[in-house]
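In what follows, a structure is listed as structure tokens, so that the remarks can point back to it.
Please treat every number below as a calculation from the coordinates, not as lab data. Predicted model, so just to flag it, every value in this text is computed and none were measured. As a convention, Cβ positions derive from the backbone with ideal geometry for all residues, glycine included, and neighbour counts pool all protein chains shown.
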Amino acid sequence: MRPDSASHDGSRDFAREEWARLCARDPGELAVAEPDREVSVGELIRLARLRAGQFIHQGVTPGARVIVALPNRIEFVVDYLAVRLCGAVLVNLPWRAGTSITELAEILDAAVVVLAEDLVGDNPLFDRLGDRRFRPDEAAPPGPAEPVARSGEEVAWLACTSGTTGTPKAAIHTGATWQRQTEVFAEHFDLGRDDPILVSSPVGHAVSLLFGVRFSLLLNSPMILVSRWKIETAVDLIHRYGCTFTVAPTPFLVDTVAWCEAHGDEKLRTLKFFPSGGAPVPRTLVRRGLKALPGCQIWSYFGTSEAGAVTAVPLDADLEKRLNTDGIALPGTKTRVVDGELQLHSPDQMMLGYWSGDPNGRLHDDGWYQTGDACEQRDDGYIRMIGRARDIILRGGENISPLEIENVLLQHPAVTDVTIVGYPDDRLGSRLAAVVVAAAPVTLDDLRGHCERIGLDKAKWPEFLTKIDEIPLSTIGKVRRDLLEDMVERLVPEPAG
């Protein structure tokens, strides 16, 4: 299937097109599955109409904001379709987002907030939601038989960006920009209805919604949900349903490659594509993946909540490009590097702006957008991402990306999670500290020896190690580097005088 690429046509009603595709499928075929549950197309349609009726009964009107904060469950797909039936605006958030949920409910004047009630329990934080908190009313009549009419130029989705502190910003997307973000990646992989999609990343984040839930609905293919990431669960689902595609962060890929190295690839032989985002995939991990999963394409891509997927490695690219780059700009997108920072121009995919304004002026009047990400762009157009510009550590005059080091250390068998932060040094400006969650005893010399074996430049080896039970995250799921920097600065011994 090659989706219609003319999605920038604002006269189209993309919610109605999506619903019509779903309704045209065999009602008995599989629509969505979890490890222990399955829902047919016909049942999914019925449940979505019932939920839409409940939303309307609780005050959801066309254009109203509906926050859905659920894990990877069938109920998320039901709620997604129900929001579309109501002509409302979806705001998907991680179910653990806590204060971000309550603060955004106020900022966006959300009509309804759907919570994972069995997981959040009686947390008094959510009492602040008042009447916004969704309570299903089984007596409500079913919702409309097709989505309320909305043009492609009207707002359909608010993609919440992942800042390290504070309330996330909501990037405003129309039906057309949202559609094109989904289409362009599907076109890149030439996927179709015979490609079951494994939804492994949390649906509270943009990537899983775009390239998991909406992928399946665009392609008319089965949607397979990993309720909570465990490699054993993912392997079972891929084997059981013949999944061919998943997109996930680097740690998920590390788990998958390690599992295949230990058990072989027989249960994963249907998997054809495993693009990984959020950080460049280490070249050593790509090499391991090619050996452990010889029938699967593995590499990193780059994307943002503001514009969806921006770069990807062509499927016919040689090994050097797969190892050393994050690909080239996807169709409809232009890229440039200004003062070491990636800027992009993507009119068919770019947000309209942020809900609460853009005080930093990242979206320029001419349509170019400053990503805040440091990168290098080669003469052939291929891009190598370095990391968030604000996270770059200056050590001895060299810009060092924490992500590159973290991805190397994650391959050490004793390291469950790790963050690299800088700490002050009179001679070099900064030195490198590894904050590690360890599954087994590990020393600084162990980590430095591992870096040497991998071939990491010596200037990037950690110089201080501290262990922690859990890496602190913001409510939207980003590492609180500021807290770790403060902790390391307190722990590092004063230089001998």
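For region 153-231, rounded, prolate or oblate, judged on the Cα gyration tensor with a ≥ b ≥ c (square roots of eigenvalues), a/c < 1.5 rounded, else prolate if a/b > b/c? Could you put the intermediate results ahead of the total?
Details: a/c = 2.56, a/b = 1.25, b/c = 2.05.
Oblate, because a/c is 1.5 or more while a/b does not exceed b/c.
For the pair TRP229/ALA439, report the inter-label distance in nm, with labels modelled 7 Å from Cα in the Cβ direction.
According to this spin-label approximation, the distance is 1.3 nm.
Going out from 0 in 10 Å bins, what whole percent of all Cα-Cα distances in region 392-491 drops into each bin?
Over region 392-491, the share of Cα pairs per 10 Å bin runs 16, 52, 30, 3 percent.
Could you tell me, in Å, what Rg and Dmax come out for the Cα atoms of region 55-146?
Answer for region 55-146, Rg first and Dmax second: 12.4, 37 Å.
How many angstrom separate the Cα center of region 372-442 from the Cα center of region 216-252?
Going from one Cα centre to the other spans 29 Å.
Once both labels are modelled 7 Å past Cα along the beta-carbon direction, what's the ASP425-ASP380 spacing in nm?
So the two model labels end up 3.5 nm from each other.
Can you put MET350, MET223 in order, fewest other beta carbons within 10 Å first?
On the way: MET350 24, MET223 27.
Listed from fewest to most nearby Cβ atoms, that is MET350, MET223.
Can you list the residues, at least 5 places off or on another chain, whose amide H is less than 5 Å from the amide H of ALA64, using H built in the peptide plane?
Under 5 Å from the amide H of ALA64: VAL89.
Which order do PHE14, PHE189, PHE273 fall in if you start with the one that has the fewest other Cβ atoms within 10 Å?
Values: PHE14 24, PHE189 20, PHE273 17.
The fewest-first ordering by Cβ neighbours comes to PHE273, PHE189, PHE14.
At what distance in nm do the modelled label points of LEU473 and THR61 sit from each other, each positioned 7 Å from its Cα along Cα→Cβ?
Distance between the two pseudo-spin positions: 3.7 nm.
Among the aspartates and glutamates, select those whose C-alpha is under 12 Å from the C-alpha of LYS267, and discard any that sit fewer than 8 residues away in the same chain.
Qualifying aspartates and glutamates at Cα under 12 Å: GLU232, ASP236.
How big is D, in µm² s⁻¹, for the chain by Stokes-Einstein at 25 °C and 0.890 mPa s if Rh is the Kirkwood radius over C-alpha pairs? Intermediate results must be reported in sequence, preceding the final value.
Details: Rh = 23.5 Å.
Approximately 104 µm²/s, per Stokes-Einstein.
Name the aspartates and glutamates eligible as straight-distance cross-link partners of LYS334: C-alpha to C-alpha under 12 Å, and not fewer than 8 places from it in the same chain.
Result set, ordered by chain and number: ASP348.
Among the lysines, which fall within straight-line cross-link reach of LYS467, defined as a Cα-Cα distance under 26 Å, with same-chain neighbours fewer than 8 residues apart omitted?
Excluding near neighbours in sequence, the set is LYS230, LYS458, LYS478.
Give the Rg/Rh ratio for region 41-94, taking Rg as the radius of gyration of the Cα atoms and Rh as the Kirkwood radius, to two decimals. Don't skip to the answer; put the middle values down first.
Values: Rg = 10.3 Å, Rh = 11.0 Å.
Over the Cα atoms of region 41-94, Rg/Rh equals 0.95.
Compute log10 of I(q)/I(0) for region 208-277 with the Debye formula, placing one identical point scatterer on every Cα and leaving out solvent, at q = 0.20, 0.22, 0.27 Å⁻¹, to two decimals.
Reported log10 I(q)/I(0), two decimals: -0.83, -1.01, -1.50.
Based on the Cβ-Cβ distance of LYS458 and GLU146, what FRET efficiency does E = 1/(1 + (r/R0)^6) give at R0 = 60 Å, to the nearest 0.05? Present the calculation step by step, with values, prior to reporting the outcome.
Details: r = 62 Å, r/R0 = 1.04.
Here the calculated transfer efficiency is 0.45.
Given the Cα atoms of region 97-163, and with Rh set as the inverse mean 1/r over their pairs in the Kirkwood sense, what is Rg to Rh to two decimals?
Working: Rg = 14.7 Å, Rh = 14.5 Å.
When Rh is taken as the Kirkwood radius, the ratio is 1.02.
Could you work out [θ]222 nm for the chain from helices alone, using -39500 (n - 2.57) per DSSP H run of at least four and dividing by all its residues? Round to the nearest 500 deg cm²/dmol. Walk me through the numbers on the way to the answer.
Numbers: 14 runs with 146 residues, N = 497.
Theoretical 222 nm ellipticity from helices: -8500 deg cm²/dmol.
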